[in-house]
Amino acid sequence: MTTLAGPVAVIGGAGRTGRIVVDGLLDRGDTVRVASRRAATGNGADLRGNGVSTFYADVRDGRGLDEALDGVAAVLYLVEPGTANSGPDRPETTLYQGVRHALDNCPTDLARFVLVSSIYVTRPEHQFNEWGHLLDWRLRGEGLVRDSGVPYTVIRPSWLTDDRGGRHGIRFEQGDTGDGEVARADVATACLRALDTEAAAGVTFELFNSTGRPPASWEPLFAALAKDPVPAH
Ligand SMILES: NC(=O)c1ccc[n+]([C@@H]2O[C@H](COP(=O)([O-])OP(=O)(O)OC[C@H]3O[C@@H](n4cnc5c(N)ncnc54)[C@H](OP(=O)(O)O)[C@@H]3O)[C@@H](O)[C@H]2O)c1
C-alpha cells in the first residue's frame, strides 16, 4: 500500500461506507479530508478526533467543494442520493450535478477519482428508476467521470450489507447483468485498492461478494477487467 502525495478527499466520508474508507486511509498514513453537509458540525466530532479535516460541502450546489478539494491528490465520491421526483432531493442533484461540481473543483493533476455508483444503472426498466430516474442520473454521472479526462475508477456495488470485510470472496463483473450483495467494508477496500492499483484506472465494474475465500491480492481482479472505451473528444 502506498500513501498519496497529497490529501485524499472523501465526499460522503461521514456515511457508513465512507467512514470505513476514512479509517483505511488513516491506517495507511494518508492525510484525509471529509466533505459533508454535517461532518463540519457535531456529526463529525469523532472524525476530527481521529485527525481528519472536515469540510462543509453540499454537492447539490457545489458549495464548499472548492475549499475541500483544493490541492487534493485523490477524490472518492460516495454520496447517497435523494429519491424525490422533483426539488433539491431528486437524484439528478446528487448523482449528476454533484459529480459535475466535484469534477469542476478537482485539481488538474488529480491522481485518481473514485466514483461509487451502483449495479442496475444500465437497466432503466428497474424499479429504482421510478424514484426520479435515479438509475438514469447515476449512469449520466458515471459518464461525466469517464469523459472528464481525470484518471478514474467507477465501482458499481451490489446490495450493501454490514458484514465484516475480508470474510467473503470477491467477484468483479462488467456488463451490469448480475445481482447479489457486497459488504460495505469490501466496497471500502475496493476504493482503497483503486487508489494504489495502476490497473484500476479507466475501468467500470460491478462488485459482489461470492463464495470462496477473500482474495490474497486485488491486483489480479483489476488486471482482468476490460478498460472502458476512450471517449471521443
Ligand atoms: N444501499 C445499497 O444497497 C447501495 C447499493 C449500491 C450502491 N450504493 C451506494 O453506495 C454509496 C455508499 O452507501 P452507504 O449506504 O454507505 O451511504 P450512507 O451511509 O447513506 O452515506 C452517504 C453519504 O452521502 C452524503 N451526502 C448525501 N447528500 C449529500 C450532499 N448533498 N452533499 C454532500 N454529501 C451528501 C451524506 O453525508 P452528509 O449527510 O454528512 O452530508 C452521507 O454521509 C452511496 O453512494 C450509495 O448510493 C448503495
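The values are calculated or read from the model by the stated rules, or taken from the named source; none is laboratory data. Keep in mind that this is a model prediction, so the values were computed, not measured. Don't worry about glycine lacking a Cβ; one is built from the backbone with ideal geometry, like all the others, and counts go over all protein chains shown. Keep in mind that these areas ignore ligands, DNA and RNA; they rest on the heavy atoms of the full protein, side chains included. Shrake-Rupley method; radii C 1.70, N 1.55, O 1.52, S 1.80 Å.
VAL114 passes every criterion in (1) open to solvent by 50 Å² or more (accessible area, probe 1.4 Å); (2) under 30 Å from THR211 (Cα atoms) apart from (1).
Working only within the stretch 160-190, note down all residues that are in contact with a strand residue (DSSP E or B) (Cβ under 7 Å, 6 or more places away or on another chain) and of a type in the set (Ser, Thr, Tyr). Hit for the stretch 160-190 is THR161, nothing else. Any chance the stretch 222-232 includes a residue that's open to solvent by 20 Å² or more (accessible area, probe 1.4 Å), without any contact (Cβ under 8 Å) to a residue 12 or more places away in the chain and small (Gly, Ala, Ser)? Looking for residues that are open to solvent by 20 Å² or more (accessible area, probe 1.4 Å), without any contact (Cβ under 8 Å) to a residue 12 or more places away in the chain and small (Gly, Ala, Ser), one finds at least one in the stretch 222-232, hence yes.
Residues that are within 17 Å of the chain's Cα centre (by Cα) and buried (at least 23 other Cβ atoms within 10 Å of the Cβ) occur at least once in the stretch 165-182.
I'm trying to understand the selection: among the residues of the stretch 131-172, which are without any contact (Cβ under 8 Å) to a residue 40 or more places away in the chain, touching a Ser or Thr at 6+ places or on another chain (Cβ under 9 Å) and more than 26 Å from ALA102 (Cα to Cα)? Scanning the stretch 131-172 gives a single hit, ARG171. When only residues in the stretch 35-51 that are more than 23 Å from ARG164 (Cα to Cα) and of a type in the set (A, V, I, L, M) count, which is surrounded by the fewest Cβ atoms within 10 Å (Cβ to Cβ)? Only one residue tops the list, namely ALA45.
Please tell me if THR108 is open to solvent by 40 Å² or more (accessible area, probe 1.4 Å) and in contact with a helix residue (DSSP H, G or I) (Cβ under 8 Å, 6 or more places away or on another chain).
On the way: open to solvent by 40 Å² or more (accessible area, probe 1.4 Å): yes; in contact with a helix residue (DSSP H, G or I) (Cβ under 8 Å, 6 or more places away or on another chain): no.
For THR108, the condition - open to solvent by 40 Å² or more (accessible area, probe 1.4 Å) and in contact with a helix residue (DSSP H, G or I) (Cβ under 8 Å, 6 or more places away or on another chain) - is not met.
Taking residues in the stretch 28-47 that are touching a residue at least 40 places away in the same chain (Cβ under 8 Å), and partners anywhere that are outside any helix (DSSP H, G or I), the pairs with Cβ atoms closer than 7 Å and at least 6 places apart or on different chains are ARG28/MET1; ARG28/THR3.
Only one entry of GLY98, GLY15, GLY87, GLY82 meets the criterion of being small (Gly, Ala, Ser), closer than 25 Å to ASN129 by Cβ and surrounded by 24 or more Cβ atoms within 10 Å (Cβ to Cβ), and that entry is GLY98. Among the residues of the stretch 20-34, the ones that are open to solvent by less than 60 Å² (accessible area, probe 1.4 Å) and not hydrophobic (A, V, I, L, M, F, W, C) come to 5 in all.
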